[in-house]
């Protein structure tokens, strides 16, 4: 569903992604690795928020372009920043994004309940704790029921109960034909429901495959 070919992202002399190749099928895939391994850069590039220095990202055989509205509607992304308007309430934020993507208004209430924020619907985003912002960010990424979900550290600042809510929301979203990349340090939590995983180190793919039949990915020689 998602094909990454010779993808390179450089920031000056720093190589964040080093000519990586990946084929990501439908389902949920965890993205693991230490800080600085390239996890966030990979998600931002697949989301179209980071321009690659070289290589391509394709979804269902088509090159991704943010200029194409149909592609933007297919992507749900939540990065390190919550991406919420601070002067709007939680419900107003979700309603705004639902309207932008043409999603039904009923999705707002459903997602607030799913991530445990029904009692915070009228709270301004600026007044949320870090953990509550993280939950709201995941709800925002899910509000238009995207085909491709990209979540960067969705469990940051969450306790076990809140983390389980997020896991259930992700699993409920992932029906046939959808693909998710979830970057996290909490590998154990994601492995509990993901179908496969990718390990990055120094901008290169070390291992990629399904958990049922893992295989060593092609690694570019030094």
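The values are calculated or read from the model by the stated rules, or taken from the named source; none is laboratory data. It should be emphasised that the depicted structure is a prediction, and the values quoted were computed from it without experimental measurement. Here Cβ is always computed from backbone atoms with ideal geometry, including for glycine, and neighbour counts include all displayed protein chains.
If only one of 176, 122, 136, 113 is within 30 Å of residue 198 (Cα to Cα) and at pLDDT 95 or above, which one is it? So the residue among 176, 122, 136, 113 that is within 30 Å of residue 198 (Cα to Cα) and at pLDDT 95 or above is 136. Of the strands (runs of 3 or more DSSP E) contained entirely in the range 1-49, those carrying at least 3 residues that are surrounded by 19 or more Cβ atoms within 10 Å (Cβ to Cβ) and under 11 Å from the mean Cα position of the chain (by Cα) fall at 27-32. State whether one or more residues within the range 67-88 are at pLDDT below 90, in contact with a strand residue (DSSP E or B) (Cβ under 6 Å, 6 or more places away or on another chain) and more than 18 Å from residue 145 (Cα to Cα). Scanning the range 67-88, I find no residue that is at pLDDT below 90, in contact with a strand residue (DSSP E or B) (Cβ under 6 Å, 6 or more places away or on another chain) and more than 18 Å from residue 145 (Cα to Cα), so the answer is no. Restricting attention to the range 105-128, the residues that are touching a helix residue (DSSP H, G or I) at 6+ places or on another chain (Cβ under 7 Å) and outside any helix (DSSP H, G or I) total 8. Looking only at residues of the range 93-119 that are more than 22 Å from residue 74 (Cα to Cα) and surrounded by fewer than 20 Cβ atoms within 10 Å (Cβ to Cβ), we find that the one that is farthest from the chain's Cα centre (by Cα) is 119.
Okay, residues lined up against (1) closer than 11 Å to residue 33 by Cα; (2) assigned to a helix (DSSP H, G or I); (3) without any contact (Cβ under 8 Å) to a residue 12 or more places away in the chain:
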residue	(1), (2), (3)
164	no, yes, yes
168	no, yes, no
171	no, yes, no
181	no, no, no
190	no, yes, no
194	no, no, no
199	yes, no, no
207	yes, no, yes
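Criterion first (surrounded by 16 or more Cβ atoms within 10 Å (Cβ to Cβ), part of a strand (DSSP E or B) and touching a residue at least 40 places away in the same chain (Cβ under 8 Å)) does residue 55 satisfy it? Here the answer is yes, as residue 55 does meet what is asked. Only one entry of 25, 40, 63 meets the criterion of being in contact with a strand residue (DSSP E or B) (Cβ under 9 Å, 6 or more places away or on another chain) and at pLDDT 95 or above, and that entry is 40.
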